[in-house]
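Below is one structure, written out as structure tokens; comments come after it.
The values are calculated or read from the model by the stated rules, or taken from the named source; none is laboratory data. It should be emphasised that the depicted structure is a prediction, and the values quoted were computed from it without experimental measurement. Ideal geometry is used to build each Cβ from the backbone, glycine not excepted, and the neighbour counts take in all protein chains shown. We work out accessible area using only protein heavy atoms, side chains counted, and drop any ligands, DNA or RNA first. Shrake-Rupley method; radii C 1.70, N 1.55, O 1.52, S 1.80 Å.
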Amino acid sequence: MKRKIAIAISFAVGVISGIGFMRNRMKKELHIKSMKINKFKGYYSLLVQWFELRQKGKKLEQFFIENGYQVIAIYGMGELGKCLYEELKDIQGVEIKYGIDQESAYCGELEIRSLDDLLPDVDAIIVTPIFAYNEIEEILRQKTHSSIVSLDDVLYGIDC
């Protein structure tokens, strides 16, 4: 009889532990999915702002000229970084000195550096992965004296 009770208790403890483990695992997965959703919502809002600026005839170079950023670098040469590069590459008064990315991505004639490379000072480094801006800013602050600006700040810093 005692053995049956011990087996039943062990079984119940195992089931409860398993439920707790699965609950924690599902919580982590839900958190990760929620973070991804928020990331893409942020990118969506950013692109809508960019599109609205273009519809109103506003140019991104306005932000750089008004803030005295003549020589810049772009951090993050993914889709947004490439779009920013294409938008600014032929603009008078704004020079894109180099791009910064974890991978050596090719972006036209633009030199791409990694965080392990020397990052020459520029007037501003524009950070395109807005979801990780704080972490990236912290890393860049240790490597350069340049101003560090989020792509958010650029797009929302232009008067509509």
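Scan the stretch 24-42 and tell me whether some residue there is among the β-branched types (Val, Ile, Thr), within 29 Å of Ser146 (Cβ to Cβ) and open to solvent by less than 100 Å² (accessible area, probe 1.4 Å).
Looking for residues that are among the β-branched types (Val, Ile, Thr), within 29 Å of Ser146 (Cβ to Cβ) and open to solvent by less than 100 Å² (accessible area, probe 1.4 Å), one finds none in the stretch 24-42, hence no.
So the check is Cβ under 8 Å with 6+ separation or different chains; which pairs have a first residue in the stretch 69-90 that's crowded, with 18+ Cβ neighbours inside 10 Å and a second one that's of a type in the set (Asp, Glu) and part of a helix (DSSP H, G or I)?
Hits for this filter: Leu88/Glu61.
How do the pairs read when you match residues in the stretch 28-44 that are under 14 Å from Asp152 (Cβ atoms) with residues anywhere that are open to solvent by 100 Å² or more (accessible area, probe 1.4 Å), using Cβ under 6 Å and keeping only pairs 6 or more apart or on different chains?
Lys39/Phe131; Gly42/Phe131
Assess whether Leu155 counts as being surrounded by 14 or more Cβ atoms within 10 Å (Cβ to Cβ) and assigned to a loop (DSSP other than H, G, I, E, B).
Details: surrounded by 14 or more Cβ atoms within 10 Å (Cβ to Cβ): yes; assigned to a loop (DSSP other than H, G, I, E, B): no.
Spelling it out, it is not the case that Leu155 is surrounded by 14 or more Cβ atoms within 10 Å (Cβ to Cβ) and assigned to a loop (DSSP other than H, G, I, E, B).
Just the residues that are touching a Lys or Arg at 6+ places or on another chain (Cβ under 6 Å) and either surrounded by fewer than 12 Cβ atoms within 10 Å (Cβ to Cβ) or modelled with pLDDT under 95 (or both), please, taken from the stretch 108-147.
Restricting attention to the stretch 108-147, the residues satisfying the condition of being touching a Lys or Arg at 6+ places or on another chain (Cβ under 6 Å) are 119, 122, 131.
Those that are touching a Lys or Arg at 6+ places or on another chain (Cβ under 6 Å) and either surrounded by fewer than 12 Cβ atoms within 10 Å (Cβ to Cβ) or modelled with pLDDT under 95 (or both): Leu119, Phe131.
Would the stretch 45-63 turn up any residue that is outside any helix (DSSP H, G or I) and polar (S, T, N, Q)? Break it down into steps so the answer makes sense when it comes.
Here is the first cut: in the stretch 45-63, the residues outside any helix (DSSP H, G or I) are 56-60.
Filter once more, keeping what is polar (S, T, N, Q): none.
So far as the stretch 45-63 goes, no, none of its residues is outside any helix (DSSP H, G or I) and polar (S, T, N, Q).
Can you tell me which residue is farthest from Asp121 (Cα to Cα) among those in the stretch 137-147 that are without any contact (Cβ under 8 Å) to a residue 40 or more places away in the chain and outside any helix (DSSP H, G or I)?
Looking at the filtered set, the residue picked out is Gln142.
Does Gly81 qualify as being within 27 Å of Ser147 (Cβ to Cβ), at pLDDT below 90 and under 19 Å from the mean Cα position of the chain (by Cα)?
In short, no.
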